[in-house]
Amino acid sequence: MFSLIATTVAKQGPAVLLPFLALILVCYLAYAVHVVGIYSSIVGFLGKVNPLKFFKAASEAMVMAFVTRSSSATLPVTMRVSEEKLALPRSIISFTLPLGATVNMDGTAIYQGISALFVAGIYNIPLGFGQYLMIILLATLASIGTAGVPGAGLIMLAMVLQGVGLPLEGLGLIAGIDVILDMGRTCLNVTGDMVCTTAVAYSEGEFVPKAVAA
């Protein structure tokens with residue numbers, strides 16, 4: 001893949017990479033907004049934990065997810081961090097984290113939605129309001145059914161593109177940078193699992209917020 005990209009850049013110049021750089025920046029900006037706006041709110045209001053302390057305590061699992069690009073491979077670390085550093089009860093962790101590693105993939109949904117818009121822009125295909133709604137619906141459903149392994153989100157992206165009539169050839173464009181996008185979305189997915197587990201544990205009265213990062 002690197003050789004193909006290098007050949008394209010050599011023939012057409014580095015400017016050809018600008019759209020892909022924009023895609024990467026937009027995806028990571030969306031990931032960051034989701035963490036700050038959604039996850040911090042859930043942790044603070046539903047889990048009664050200082051978001052900064054929470055993310056500091058959860059950082060080991062987040063980094064592991066980032067480098068492995070696999071929610072399933074990170075699961076043992078996520079469970080250990082949740083129990084030892086986030087002080088979450090094993091009775092909650094043993095249910096919510098394995099379930100979350102399968103169906104709770106916010107990062108994948110964000111990635112697929114932005115990628116679909118990117119493909120539409122590259123091919124100059126205008127989208128109507130109904131198609132935007134369809135992208136949201138399909139990206140959500142695809143994220144639920146995505147396996148927790150590296151690159152699975154790219155495969156499920158095909159369903160989203162096909163559902164709104166976008167060319168599947170767009171997958172080839174995104175494949176070259178999917179590794180970079182995958183790292184961020186997997187980190188977001190795993191973080192979301194811990195966030196939801198914290199909220200559930202507090203709602204069940206089995207979590208002491210002051211124990212986090214103590």
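For the reader, a short list of remarks on this structure follows.
- Subset of the stretch 159-173 [modelled with pLDDT of 85 or more, of a type in the set (A, V, I, L, M, F, W, C) and part of a helix (DSSP H, G or I)]: Met159, Val160, Leu161
- Restricting the stretch 80-98 to residues that are among the hydrophobic types (A, V, I, L, M, F, W, C) and farther than 20 Å from Gly184 by Cα, the residue that is surrounded by the most Cβ atoms within 10 Å (Cβ to Cβ): Leu88
- Taking first residues from the stretch 69-96 that are within 27 Å of Leu181 (Cα to Cα) and in contact (Cβ under 8 Å) with a residue 24 or more places away in the chain and partners that are acidic (Asp, Glu) and buried (at least 21 other Cβ atoms within 10 Å of the Cβ), the Cβ contacts under 6 Å between residues at least 6 apart in sequence or on separate chains come to Arg69/Asp182.
- Residue in the stretch 27-36 that is in a helix (DSSP H, G or I), without any contact (Cβ under 8 Å) to a residue 60 or more places away in the chain and not aliphatic (A, V, I, L, M) present: no
- A residue that is modelled with pLDDT of 90 or more, surrounded by fewer than 16 Cβ atoms within 10 Å (Cβ to Cβ) and either in a helix (DSSP H, G or I) or on the phi < 0 side of the Ramachandran plot (or both) occurs somewhere in the stretch 69-76.
- Test for Leu97: is it part of a helix (DSSP H, G or I), of a type outside the set (D, E, K, R) and touching an Asp or Glu at 6+ places or on another chain (Cβ under 6 Å): yes
- Checking every residue in the stretch 31-48 against the condition of being over 30 Å from Glu206 (Cβ atoms) and either surrounded by 14 or more Cβ atoms within 10 Å (Cβ to Cβ) or at pLDDT 95 or above (or both) gives at least one match.
- Subset of the stretch 105-121 that is within 8 Å of the chain's Cα centre (by Cα) and assigned to a helix (DSSP H, G or I) - its residue that is nearest to Leu173 (Cα to Cα): Tyr111
The values are calculated or read from the model by the stated rules, or taken from the named source; none is laboratory data. Because the structure is predicted, anything quoted here is derived from the model rather than measured. Here Cβ is always computed from backbone atoms with ideal geometry, including for glycine, and neighbour counts include all displayed protein chains.
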